[in-house]
Amino acid sequence: MKLLVDSGATKADWIALDDNGNRLFTTQTLGLSPEVINKQEALERLEARFDIYNNRKEVTNLFFYGAGCGTDRMKKYMTGVFKEFFPNADVSVREDTYAAAYATNPNNEKAIICILGTGSNCSYFNGEELEQKVQSLGYIAMDDCSGNRFGRDLVRAYYFNKMPQHLAEKFESEYNLDPDIIKHNLYKEPNPNAYLATFAKFLIQNKDEEFIQKIIKEAMRVFVDNYIKQYDNAADVKVHFVGSIAFYLKAELAEVLGANGLTLGNVLRRPIDNLIEYHQLN
């Protein structure tokens, strides 16, 4: 049995395949980013899924594409976690941008690959390997244009009384905005980035509001400047995206990229299904 896993900070999608590439089961766990959870939490999240736990000794290959796995230290760390849980498996750990590259760019063309989900990332794919000019410092310092950054922007706009009254009232009706609750989730609970990203649903649902449009467009312009334009040939290749933020804000992405002389390529909400085709071909 082979397992393909695409993991962000919020959730991880799993697909099990037999030796002929046929799908055995699909499932989902909480995210397995080594930047925000420890080994014990990772093991508990694996054990919580019966289909994964029950088949752990049958797995011969695990291909894990994960947020927070861009450095050798984190790859080694997660490999150790998986080898403990899947004792008979050969384990391959790569950063989640590779899943995005394989899913959006199956012909291995030169392209820029971006992730806009709970977190954000951007790399250049040269046809074989990813080249990254900006090393992520995590959700506090970076993650421009991500779900957690949009959530932060909305909460700040509400508390600084910058949000229009009709939107503020709607915001209050959909979320518990008690300051003690917010601070507890940010500073006492695990995965504060995922918590902040829950507010991004409000941004997407109200994206036609002028106030929200300004937040979206400004964040996208910052992402283009800080990430995509790091690559000298950005205007010569397609820019592909994966992630819920990119998927639901595709029209805004096309507008901002076009204004910067960039070409929007494929936009996928989740790369996991397209990964099956890639692994069957390779």
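Restricting the first member to region 198-227 and to residues that are under 23 Å from L186 (Cα atoms) and at pLDDT below 95, and the second to residues that are of a type in the set (D, E) and assigned to a helix (DSSP H, G or I), no beta-carbon pair is closer than 8 Å while six or more apart or on different chains.
Restricting Y65, Y98, Y102 to those that are touching a His at 6+ places or on another chain (Cβ under 9 Å) and either open to solvent by less than 20 Å² (accessible area, probe 1.4 Å) or over 23 Å from M142 (Cα atoms) (or both) reduces the list to Y102. Among the candidates K238, K229, the residue that is in contact with a strand residue (DSSP E or B) (Cβ under 9 Å, 6 or more places away or on another chain) and charged (D, E, K, R) is uniquely K238. Of the set (1) open to solvent by less than 20 Å² (accessible area, probe 1.4 Å); (2) more than 23 Å from S123 (Cβ to Cβ); (3) under 20 Å from the mean Cα position of the chain (by Cα), all apply to L17 but (3). Looking at region 71-78, can you tell me whether even one residue there is touching a residue at least 40 places away in the same chain (Cβ under 8 Å), assigned to a loop (DSSP other than H, G, I, E, B) and open to solvent by less than 20 Å² (accessible area, probe 1.4 Å)? Scanning region 71-78 turns up no residue that is touching a residue at least 40 places away in the same chain (Cβ under 8 Å), assigned to a loop (DSSP other than H, G, I, E, B) and open to solvent by less than 20 Å² (accessible area, probe 1.4 Å).
Just for region 158-177: of the residues that are in contact (Cβ under 8 Å) with a residue 40 or more places away in the chain and part of a loop (DSSP other than H, G, I, E, B), which one is least open to solvent (accessible area, probe 1.4 Å)? For region 158-177, the residue satisfying everything is M163. For region 228-250, filtered to residues that are within 23 Å of K207 (Cα to Cα) and among the aromatic types (F, W, Y), the residue that is surrounded by the fewest Cβ atoms within 10 Å (Cβ to Cβ) is F247. Within region 251-267, being farther than 17 Å from V222 by Cβ, among the hydrophobic types (A, V, I, L, M, F, W, C) and open to solvent by 50 Å² or more (accessible area, probe 1.4 Å) holds for one residue alone: A251. Evaluated against (1) within 27 Å of L32 (Cα to Cα); (2) surrounded by 13 or more Cβ atoms within 10 Å (Cβ to Cβ); (3) modelled with pLDDT of 95 or more, S136 falls short on exactly one condition, (3).
The values are calculated or read from the model by the stated rules, or taken from the named source; none is laboratory data. In this text the structure is predicted, and so the values were computed from the model without any measurement. In this analysis, Cβ positions are derived from the backbone assuming ideal geometry, glycine residues included, and neighbour counts consider all displayed protein chains. Ligands, DNA and RNA are stripped out before the accessible areas are found, and what is left, the full protein with its side chains, is counted by its heavy atoms. Shrake-Rupley method; radii C 1.70, N 1.55, O 1.52, S 1.80 Å.
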